[in-house]
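Engineer: Before anything else, here's the structure in question.
Nothing in this text is a laboratory measurement; each read-out follows from the coordinates by a stated rule. This is a predicted model, so every value here is computed, not measured. Here the Cβ is made from the backbone with ideal geometry for all residues, glycine too, and neighbour counts use every protein chain on show.
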């Protein structure tokens, strides 16, 4: 999908972990909650049905007691290659009741020549104001921290286990 510079925020990184381990870290709720939000925030996976139309619902908790409730719906799951979800819909393609931030996010994984995995995270917004608000909230900083945490969890998964 082509990127819309006016509406999309995007991060592209080469991660050290192999695609299979990154996929596991993304698709197993007990692993997802280890990296999904920047620490010291925590993630509770409320609902997780990794198939098109399935629920993707997380509840984030801050150290000061604040929360961020994020119900959504998976749009696409291509094993070890691509994941897409939106906050505009919830389980079963039902329209979401006015999400605090309406986004569609797409994540792709691809082998990188010389080793590692190219991880491309794209966050699409309905208008420029939403995009700008998300960027000002710390999109690049926050998502970069999460990507580092994802890579660390996936690297751990790829090590020989005793």
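Engineer: List, largest first, the extents of the alpha carbons of the chain along their principal axes, each in whole Å.
Structural biologist: 46, 35, 32
Engineer: Within segment 25-64, which residues have the backbone N less than 19 Å from the label spot 7 Å out from residue 145 along Cα→beta-carbon, could you tell me?
Structural biologist: Once the point is set 7 Å along Cα→Cβ of residue 145, 32-45, 58-64 turn out to lie under 19 Å by backbone N, inside segment 25-64.
Engineer: How far is it, in nm, from the label point at residue 11 to the one at residue 68 when both lie 7 Å from their Cα along the line to the Cβ?
Structural biologist: 1.1 nm
Engineer: Now for a separate question. Report, in deg cm²/dmol and to the nearest 500, the calculated mean residue ellipticity at 222 nm for the chain, where each DSSP H run with n ≥ 4 adds -39500 (n - 2.57) and the sum is divided by the residue count.
Structural biologist: So the calculated ellipticity at 222 nm is -8500 deg cm²/dmol.
Engineer: While we're here: Taking 0.36 nm per residue of separation and subtracting the Cα-Cα distance, what length does fully extending residue 136 through residue 46 add?
Structural biologist: Working it through step by step, the gained length comes to 29.7 nm.
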